[in-house]
Amino acid sequence: MQQSAPVRGSSRIRLDVDAAGRGDRIFEGATKAGAIAILALLAIIILLLLFESRNIFGHQGIGQFLFTTTWDPVFREFGVFAFIYGTVISSVIGLLLATPVAVGAAIYIVEYAPRWLRSPVSFTVELLAAIPSIIYGLWAVFILGPVMRFHIEPFLQTWFGPIPIVGNLFEGTPIGRDILTAGVILAIMILPTIMAISREVIMQVPDTQRDGMHALGATKWEMIQGAVIPYARAGIAGAAILGLARALGETMAVTMVIGNASTSITGSLFEPGYTMASAIANQFREADSQVYLSAIIAIALVLLVIAMIVNILARILIYSLVGKQSNSSRIG
Amino acid sequence: MSQETIEQTQTIQDDSLAAGMEVRNLSAYYGDFQAVKDITMPIERGKVTALIGPSGCGKSTFIRCLNRLHELTRGARVSGQAFLEDQDIYASNVDPVQVRRVIGMVFQKPNPFPMMSIYDNVIAGIKLNNARKSRGELDQIVEHSLRGAALWDEVKDKLDHSGASLSGGQQQRLCIARTIAVEPEVILMDEPCSALDPIATFKIEELIAELKERYTIALVTHNMQQAARVSDFTAFLLSGEERYGRLVEYGPTQQIFTNPQDEQTEAYITGKFG
Amino acid sequence: MQSGNETAAQLATPKASPGVSRHAILLQGDSRYRFRKAFSGIMAAAVAACTVFGVTILWIILGYVLVRGLPALDLAFFTERPMPYGEVGGGVAPAILGSLYLIAVACVIGLPLAVLAAIYLSEYSHGRFGDAVRFVIDLLAGLPSIVVGVFVWTLIVINTGSFSGLAGAVALAIIMIPIVARTVEAILNLVPNSMREASLALGVPMWKTILRVVLPAAKSGIITGVVLAMARAGGETAPLLMTTLGNSFFNFDLMQPMAALPVQIYNYAVAPYADWHTKAWGSALVLIALIGALSLLTRWAVRGQKLGES
């Protein structure tokens, strides 16, 4: 029975299934093969990247690869720390800028928006999420970059430059193709991701929680702050981290505005930089030696590991709230 | 308490009792659908008024009108008046948030705030308007409220546990503690025992009898025995073919259950429908 | 409001505090309440502003693509191949055809796998193995597309010594698989169990029930999921840059480099010529229009069918 019987159905139905057992076994086997192929796909991706990275780790050791900032293909020195730094800083800027706006908009849609406004806004958010990254890149190069260069960055420099410590962030010549611009375009790109998931999560907050806070004499915002946000907190954090995951792996838009110039770390956001993804996209065609090739593949491996960790973290947080409901509604 | 308090709140003669309510021609709608029509009845001060009737008769909608919670539902609105003593809570210059501060509510399903500790659940309402209270004062309010809700002995050693860690009956009493912590005049209870087992139900009923010493209580219940046991007055609501709920009969509980004036009331309490 | 000492007093405490009528509370409250009320209003305005910002930024971006892209569009733009700099005219026809071709091949490679896995997850698996597959699908969906690009580049481009359309299609297939598998599984789960039981009770074997009852019932949802994945794949750039490379000529040989719209946009955008920048905006407009048309077409195709929609 166990080899082919579906869990669904009565015992009488199982008898019928047994009668037609062979067709079922073949069909189930085929579908299971599809599932196994997907497992195998991920395994192959990881193993191939690991295998092809071997040259670089043999060449200079994993520590020097990860934690030094000198990336000099001519002298065969490959340290990716500056790329990791650029990736993390630009993504974190994106996250810090996008999360408050996205969560605010999600709160507005669920808690405030009149019914007729909900679906146009949600539709717009879906559209925003569907725009390909290359188009964000195009827009960032020709529109956002100049705005950053001539308006926003000089403004930041004037007002925050003189402040100690904070001022370091805004040192240098505003060029509009730097870590800050990359962070801003990332913020716009991950906005719909964070917003859509936050909206789902906030919609899962039971109305009884809202009633409970209202009945104590809370204002609308106190209700949101006291009942809705705490209840949705884990899910919102998951949404933000999923946005972070998207930002970390984003390639084209970032490649087009981050400058791809410096491998040094100065601490200023006006400095051009590299992310792991943009370094790959810029240099894969220049790889003229086995070691260089392997170094580029190793960058992808590092990116894969970081993206996986961040994704797993995000999904744990989201499932802790939304997953329960959707699982229980699953048939069977 | 003190003599001066009584004098200063001139509109209420006997201040040892909470304020009563008087509902006049109250109707409630969900969009175009009229859920409750033209209800006029008192909610006597310091008494328990039970609202009974079959499912869908609008009694829950009606009670949510009494602290202006109904209008928070999308598309919902209310017409008519509801007086707290001599002030109409639906008057244009009345703030609904402040109405809810004075008229508290306990819900069908216990709804403690799961991310807060038991302690924080109790002071959730206090914290809204009184930013500066010493820890000692808060401790006193928590103990006083939990004692008032007959929960103190069960939770005094785990006040920092989550409100969601309690049993259903305890959660409901925590919600009552949370409500009485802000010292309301009226407590509305919307089928507070429907999700509870008989023992927990019994405890809540005992508690209601105690609470009416200090608060005016309106109690929606599906359970006629409960209404007979704990209430002083009973209102019977029914939605006929018109589909909106209306008040069929109101009177002292004893009279409603022994000598109803309306034959529909009699049919309902004798179990012929519902 | 009551002062602290009174609140903590004994059970018989009257609720109204000295000096303040109960009704005054109902009317406007104290100064602290007026502050709370104002703060609540400010926050309402703030979250509304967040929404306005999110919606506005989308229309700004779309507006730029439209306004800057329209001047590039003429007949030649849709029929000719890209010209070297300096020559007048030229279009992105190879890129449009190349993108469609790549997506079609990617569907052939990826869809069967994804749909089979989805059927397995929805109809057969109930244990740990199914959860593991779902988990891996989620991980694949979260894989940065550049990593997929590097993988296919390593696997195919380096080994065959040539960029090729096939490599691009494989990369797009890997990107589509988790999207399709996830949406199709979700849609199949929405098919009511009673439909399966009705068929099984007639003696129809499980596999025929799935093929003849369950899949048709979920048809519109499956189409939506597939188109969603196609739209996503159609906009991918980084993995194509590493695999098909792009091509200025018409090419339908899968073993040769192939043009694709996103790659064309990139090549135009990073070049230093104003004319090419206009062409980049024009290509972007075409790409957005294609993606939009794809999803509109689906909505039209599955209209009137409730299950699995939205």
- Where the Cα pairs of chain B fall when distances are cut into 5 Å bins, in %: 1, 6, 12, 16, 18, 17, 14, 9, 5, 2, 0, 0
- Message: Could you give each residue of the range B:242-258 its phi-based ³J(HN,Hα) in whole Hz, using Karplus coefficients 6.51, -1.76, 1.60 with θ = phi - 60°, and x for Gly or Pro?
- Response: 5, 6, 8, x, 9, 7, 8, 7, 9, x, x, 3, 4, 5, 4, 8, 9
- Considering only protein heavy atoms and a 1.4 Å probe, what is the carbon-and-sulfur percentage of the accessible area of chain A? 65
- Item | For the range C:52-187: span of alpha carbons on each principal axis (Å, largest first) | 62, 50, 23
- Query: Nearest 0.05, what FRET efficiency do residue B:38 and residue B:154 give at R0 = 45 Å with Cβ-Cβ as r?
  - Reply: 0.55
- Provide the buried accessible surface between chains C and A in square angstrom, both chains summed, 1.4 Å probe, rounded to the nearest 100. 7800
- Accessible surface of the range B:3-269 [probe 1.4 Å, protein heavy atoms]: carbon and sulfur percent: 45
- Query: Under the definition of Cα pairs under 8 Å and six or more residues apart, what whole-number percent is the relative contact order of chain A?
  - Reply: 25
- Item | Amide H partners (placed H, <5 Å) of residue C:80, local residues excluded | C:91, C:92, C:93
- Task: Could you run the numbers on buried accessible area between B and C, total for both chains, 1.4 angstrom probe, in Å² to the nearest 100?
- Result: 3100
- Query: Per residue of C:194-206, how many C-beta atoms from partner chains lie within 10 Å of its own C-beta, taken as a mean?
  - Reply: 5
- How large is the accessible surface per residue of the range C:174-228, computed with a 1.4 Å probe and reported in Å² as a whole number? 37
- Message: With a 1.4 Å probe and all protein chains left in place, how much accessible area per residue does chain A have, in Å²?
- Response: 40
- Specify the longest stretch of chain B that does not include any exposed loop site, a site being one of the GluC sites (Glu not before Pro) with a non-H, G, I, E, B DSSP assignment and at most 15 other Cβ atoms within 10 Å. B:1-212
- Item | Protection-proxy order for peptides A:72-83, C:145-156, A:212-223, each taking the mean of Cβ atoms within 10 Å per residue, highest first | C:145-156, A:212-223, A:72-83
- Task: Can you bin chain C into rounded, prolate or oblate? Criterion: square roots of the alpha carbon gyration tensor eigenvalues sorted a ≥ b ≥ c, rounded for a/c under 1.5, prolate for a/b above b/c, oblate for the rest.
- Result: oblate
- Query: So which trypsin sites (Lys or Arg not before Pro) in the range B:84-190 pass both tests, a DSSP loop state and at most 13 other Cβ atoms within 10 Å of the Cβ?
  - Reply: B:132, B:156, B:158
- Query: Separation between the residue C:131 and residue C:80 pseudo-spin-labels, each 7 Å from Cα along Cα→Cβ, expressed in nm?
  - Reply: 6.1
- In the neighborhood of residue A:228, defined by Cβ-to-Cβ distances under 15 Å, what is the net charge if each Lys or Arg adds +1 and each Asp or Glu adds -1? -1
- Query: In the neighborhood of residue B:34, defined by Cβ-to-Cβ distances under 9 Å, what is the net charge if each Lys or Arg adds +1 and each Asp or Glu adds -1?
  - Reply: 0
- Message: Can you give me the distance in nm between label points at residue A:266 and residue C:271, each placed 7 Å from the Cα along the Cα-to-Cβ direction?
- Response: 3.3
- Would you work out which of A:21, A:99, A:134 lies farthest towards the positive end of the dipole of chain A, given +1 charges on the beta-carbon of Lys and Arg and -1 on that of Asp and Glu, about the Cα centre? A:21
- Query: Cα convex hull of the protein assembly as shown: how many Å³ per residue?
  - Reply: 213
- Item | Computed E for residue C:293/residue B:92 - FRET, C-beta separation, R0 45 angstrom, nearest 0.05 | 0.30
- Message: Considering only protein heavy atoms and a probe of 1.4 Å, how much of the accessible area of chain C is carbon and sulfur, as a whole percent?
- Response: 68
- Output the pairs from B:109/B:158; A:220/B:158; A:220/B:127; B:156/B:212 with a Cα-Cα distance over 20 Å in this structure; if there are none, say none. B:109/B:158; A:220/B:158; B:156/B:212
- Message: What is the sum of charges, Lys and Arg at +1 and Asp and Glu at -1, for the other residues whose Cβ falls under 11 Å from the Cβ of residue B:78?
- Response: +2
- Item | Shielding by partners - mean other protein chain Cβ count within 10 Å, residues of C:273-285 | 2
- Item | Probe 1.4 Å, protein heavy atoms only - accessible area per residue of chain B in square angstrom | 40
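The values are calculated or read from the model by the stated rules, or taken from the named source; none is laboratory data. Keep in mind it's a predicted model, so treat the numbers as computed, not measured. All Cβ positions, even for glycine, are placed from backbone atoms using ideal geometry, and neighbour counts span all protein chains on display. Heavy atoms of the whole protein, side chains included, go into the accessibility calculation; ligands, DNA and RNA do not. Shrake-Rupley method; radii C 1.70, N 1.55, O 1.52, S 1.80 Å.
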